[in-house]
1. What is the calculated FRET efficiency for A:D288 to A:T477, with r their C-beta to C-beta distance and R₀ = 41 Å, to the nearest 0.05?
2. In whole Å, how far is the Cα centre of the stretch A:381-403 from that of the stretch A:415-478?
3. Given a Förster distance of 35 angstrom, what is the FRET efficiency for A:N422 paired with A:S9, based on the Cβ-Cβ distance and rounded to 0.05?
4. Tilt of helix A:446-456 relative to the longest C-alpha principal axis of chain A, in degrees (0 to 90, nearest 10)?
5. Starting from a Cα-only point model with no solvent, please compute log10 I(q)/I(0) by Debye for the stretch A:418-488 at q = 0.19 1/Å.
6. Compute the separation of the alpha-carbon centres of the stretch A:140-210 and the stretch A:72-93 and state it in Å as a whole number.
7. Quickly rank A:443-453, A:137-147 as a protection proxy: mean count of other C-beta atoms within 10 Å, highest first.
8. With a ≥ b ≥ c taken as the square roots of the eigenvalues of the C-alpha gyration tensor of the stretch A:302-398, please select rounded if a/c is under 1.5 and otherwise prolate if a/b is larger than b/c or oblate if it is not?
Amino acid sequence: MSKGITSRSEDYSKWYNDIVQKADLAENSGVRGMMVIKPYGYAIWEKIQAQLDKMFKETGHQNAYFPLLIPKSYFSKEASHVEGFAKECAVVTHYRLKNSPDGKGVIVDPDAKLEEELIIRPTSETIIWSTYKNWIQSYRDLPLLINQWANVMRWEMRTRLFLRTAEFLWQEGHTAHATQAEAWTETTKMLDVYAEFAETWMAMPVIKGAKSASERFAGALETLCIEALMQDGKALQAGTSHFLGQNFAKAFDVKFTDQSGKLDYVWATSWGVSTRLMGALVMAHSDDNGLVLPPKLAPIQVVIVPIYQKIEQLEIIRTEVNKITEQLKIKGISFKFDDRDSQRPGFKFAEYELKGVPVRLALGPRDIEQGTIEVVRRDTLEKSVVQQVGIVEYIEKLLEDIQQNIYQKALNFRNENIRKANSYDEFKTILNEKGGFILAHWDGTPETEEQIKSETKATIRSLPFEYEKEEGICIVTGKPSERRVLFAKSY
RNA sequence: CGGGGCAUAGCGCAGUCCGGUUAGCGUAUCUGGUUUGGGACCAGAGGGUCGCAGGUUCGAAUCCUGCUGCCCCGACCA
């Protein structure tokens with residue numbers, strides 16, 4: 001169909017790579033595992049950031065910035081945290097280069113070895129909590145609600161554009177509270193923020209739940225997550241919110257005096273989403289013609305393509321287009337009038353489909369004569385000719401429809417791909433033949449979880465909130481279980 | 001980090017097995033013209049340290065060694 005894009009049925013991974021690269025979202029760089037986010041891709045990330053940032057501020061958080069480099073000694077203070085991240089940390093050992101004696105380039109100066117090595121942050125709990133120690137003395141300093149937008153680095157074995165890169169962009173919220181209850185409320189509140197963002201803005205349905213013990217964040221007492229289903233039937237963790245208890249407060253000695261004068265450790269949370277959301281966005285809605293973007297996150301919501309033979313015709317069209325774009329501006333709808341003479345209309349149509357622009361308008365001599373305009377919506381590729389009168393209201397409504405429609409489509413797909421399995425055989429059959437989410441009983445032990453993982457490659461994505469308790473027996477061991485949990489193969 | 005594949009013009013590739021003119025093809029780019037309602041056509045032009053570093057040879061894109069990067073499959077993760 002489309003030039004140069006592998007179809008999903010042919011090779012899903014290749015399709016994903018083709019879209020990311022050909023829609024100009026990102027490309028691989030000269031550095032292993034690290035990508036360049038291109039202007040069009042970054043524009044989408046900026047929209048994601050802007051909305052999330054607004055939501056964080058609305059829930060009382062402030063932004064701050066902490067250092068990229070973390071002293072190695074900080075890292076060892078919280079035992080399970082080290083264990084979780086040690087294997088993938090980049091380490092800075094020297095602070096100077098010098099000219100190579102053989103005259104070929106530069107070498108690390110062996111005389112410039114650091115006394116204490118520095119870790120490039122894989123996450124910032126340690127540097128932040130060592131700082132919070134100085135910021136918190138009394139209950140009056142609480143709650144402390146901080147977020148930072150930053151890059152982090154995790155030395156990944158195998159990387160994929162947006163989904164897993166060695167360096168990625170994210171936000172990380174780090175909060176401190178006087179009581180356990182308040183910290184727990186914060187943990188669930190931020191998960192709700194993520195879920196709302198995913199569904200309302202990304203048009204991507206998610207399932208909220210809690211991670212099993214083995215999938216928890218290193219150092220957390222509880223990890224909550226939102227899980228989304230991709231078109232190939234694999235699950236993607238789209239955001240996490242951690243209840244850290246008093247682990248980091250104890251590790252970094254962060255105490256406060258409560259109203260009765262008693263000294264106690266503070267309660268903590270952390271929560272984050274990353275540029276991985278970009279990967280989720282691509283896989284949630286796109287088709288074999290290219291990217292499909294939800295209008296709320298599309299850098300260009302409406303593209304206008306003029307169709308003309310002579311330059312005089314273009315000028316007439318331009319006058320008509322200006323009338324429309326002035327109104328679009330007032331409505332806050334972003335647009336692009338593509339008057340490039342170097343490409344023909346057909347080329348432009350294909351190009352904007354590839355880039356996922358939600359609405360395309362085409363205006364030619366025939367329309368000028370008849371007072372009409374051609375409107376094509378990206379999600380269904382449906383083409384209609386409508387009157388120019390009232391076109392802006394029509395577009396406004398159409399953008400809402402598209403946002404709704406792609407959400408509904410993704411929701412239907414997701415719902416059709418949640419299945420219950422009542423035996424291990426059934427579980428395996430569903431997994432191999434259909435994929436998707438599987439709800440099944442599990443005895444609650446890490447051993448059984450591990451056995452299922454090694455035998456089927458499926459993992460427990462979460463203990464989902466939205467499914468009620470139900471007595472049953474574990475599909476593997478036959479032991480009693482009080483609820484079904486959510487399994488899937490995942491990214 | 002293990003197994004497999006790949007690296008030649010911006011992009012996609014041929015040439016490599018079997019060393020030998022000036023390294024080709026498609027596409028993109030630039031110029032001029034004709035075109036423009038679903039990826040236009042004609043004519044001309046520019047563009048290469050053949051991934052990097054060594055080696056063999058009269059001669060290397062081609063043979064040998066090392067390195068780097070990318071892709072796919074595994075072990076680990078947001």
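1. Rounded to the nearest 0.05, the efficiency is 0.45.
2. The stretch A:381-403 and the stretch A:415-478 have Cα centres spaced 44 Å from each other.
3. Using R0 = 35 Å, I get an efficiency of 0.70.
4. The helix A:446-456 is inclined about 40 degrees to chain A.
5. Once normalised to I(0) and log-transformed, intensities are -0.65.
6. 20
7. Result, highest mean Cβ count within 10 Å first: A:137-147, A:443-453.
8. rounded
Since every read-out is calculated from the coordinates, none of them should be taken as a lab result. From a predicted model like this one, the values you see are computed outputs, not experimental measurements. So basically every Cβ, Gly included, is an ideal-geometry build from the backbone, and we count neighbours across all protein chains shown.
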